1. Got a sec? Which of 143, 112, 138, 120 is part of a strand (DSSP E or B) and either of a type in the set (A, V, I, L, M, F, W, C) or in the same structural domain as residue 156 (by TED's automatic domain parsing) (or both)?
2. For the stretch 146-193, how many residues are surrounded by 10 or more Cβ atoms within 10 Å (Cβ to Cβ), over 14 Å from the mean Cα position of the chain (by Cα) and closer than 17 Å to residue 94 by Cα?
3. Take the residues in the stretch 99-143 that are surrounded by fewer than 17 Cβ atoms within 10 Å (Cβ to Cβ) and among the small types (Gly, Ala, Ser); name whichever of them is farthest from residue 169 (Cα to Cα).
4. If you take the residues of the stretch 61-91 that are in a loop (DSSP other than H, G, I, E, B) and aliphatic (A, V, I, L, M), which of them is farthest from residue 137 (Cα to Cα)?
5. Can you pull out every residue in the stretch 155-177 that is in contact with a helix residue (DSSP H, G or I) (Cβ under 6 Å, 6 or more places away or on another chain) and either under 16 Å from residue 6 (Cβ atoms) or of a type in the set (Gly, Ala, Ser) (or both)?
6. For residues that are among the hydrophobic types (A, V, I, L, M, F, W, C) and in a loop (DSSP other than H, G, I, E, B), scanning just the stretch 28-56, find the one that is nearest to residue 82 (Cα to Cα).
7. Could you tell me whether residue 25 is part of a helix (DSSP H, G or I) and modelled with pLDDT of 95 or more?
8. Please verify whether the stretch 31-49 includes one or more residues that are among the acidic types (Asp, Glu), out of contact with any Cys (no Cβ under 8 Å at 6 or more places or on another chain), buried (at least 18 other Cβ atoms within 10 Å of the Cβ) and at pLDDT 95 or above.
Amino acid sequence: MSIPFTVLLDIDKPIAMWEEGVVDLAREMHPDVEVADAGTREVYDFLPVTPEPERSSLLAAMNAPGLYRGFQVVEHALETIDLLLSDGVNVKLCSTPSPTNPTCASDKYWWVGELSRELVKRTTLTFDKTMCMGHVLVDDKDVITGDNPNPMWERIIYDAPYNQHATGLRLYDWRDLPAMLEPIRFSYERRAA
C-alpha cells in the first residue's frame, strides 16, 4: 500500500519559536535571574548543563501552563507549508508533547488551530516519531530515537546551534524546503509508478 508523498514537520523550533518563548517567559517569571539568550545553547538537552538559578527559572517556564499558547511563528514557515499543500504534498505536523507541562498537548493543538484549522487535522502528538508514516521528517533534534530502528522517513535537520554534529540534509531557511523535497519526491513517485 502506498501513501501520498508525506512530509512530517516538527513544531517546536522549526515552526514555533520554542526556545525564544521559554527564555522570554523565564525572564518574565524571574526577572532577577540572568537567562542566556535563545540560540546560544550548544546542546539539545540543555538543562543538565545549565547552572542554577538559571536552570530552575527555565524549568519553571517550560512547565508553566499556557506556555505553548504564546509562541511566535518562525519566519516563512506558514507560507512554505501553504505552498507545499497547494503543490499536493501531504503535510503533517508531528510533535512530541512535554511529559511535565500539564497543558502542553492541549495548548499545542490550540496554537496550531490559531494558525490554521486545516493544520489541526494534520497534527499528531507522539512520543515516538520513528513509528510515524511519512517520506521526510523535518526536525531540529540532534538524534531521533524510538522503537523503530529503521523509520520509513528520510531526515532533514532543521539547523540549530545544538545539532551541528548531526549529519544529513540541513534546512537553514523555510523557503529552501520545496527545492530540497523535489528529488526525494521524484524518487518516491518514480518508484510508486
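1. Working: 143 fails: part of a strand (DSSP E or B); 112 fails: part of a strand (DSSP E or B); 120 fails: part of a strand (DSSP E or B).
None of the others qualify; the one that does is 138.
2. Residues that pass the stated criteria total 7.
3. Here the residue is 106.
4. So the first thing to find is which residues in the stretch 61-91 are in a loop (DSSP other than H, G, I, E, B), and the list is 63-66, 70-72, 74-76, 87-89.
Pick out the ones that are also aliphatic (A, V, I, L, M) and you get 64, 74, 89.
Values: 64: 28, 74: 17, 89: 13 Å.
The selected residue is 64.
5. Correct list: 177 only.
6. To start, the set of residues in the stretch 28-56 that are among the hydrophobic types (A, V, I, L, M, F, W, C) comprises 29, 33, 35-36, 38, 43, 46-47, 49.
Next, from what is left, pick out any that are in a loop (DSSP other than H, G, I, E, B): 33, 35-36, 38, 43, 46.
Values: 33: 40, 35: 35, 36: 34, 38: 27, 43: 31, 46: 33 Å.
Step by step, filter the stretch 28-56, then rank; the result is 38.
7. Working: part of a helix (DSSP H, G or I): yes; modelled with pLDDT of 95 or more: yes.
Yes, satisfied.
8. Filtering the stretch 31-49 for residues among the acidic types (Asp, Glu) gives 32, 34, 37, 42, 45.
The next check asks that each one be out of contact with any Cys (no Cβ under 8 Å at 6 or more places or on another chain); those that pass are 32, 34, 37, 42, 45.
Among the residues that remain, those that are also buried (at least 18 other Cβ atoms within 10 Å of the Cβ) are: none.
Looking through the stretch 31-49, none of the residues is among the acidic types (Asp, Glu), out of contact with any Cys (no Cβ under 8 Å at 6 or more places or on another chain), buried (at least 18 other Cβ atoms within 10 Å of the Cβ) and at pLDDT 95 or above.
The values are calculated or read from the model by the stated rules, or taken from the named source; none is laboratory data. These figures come from a predicted structure and were not determined experimentally. Please note: Cβ atoms are built from the backbone with ideal geometry, for glycine as well, and neighbour counts cover all protein chains shown.
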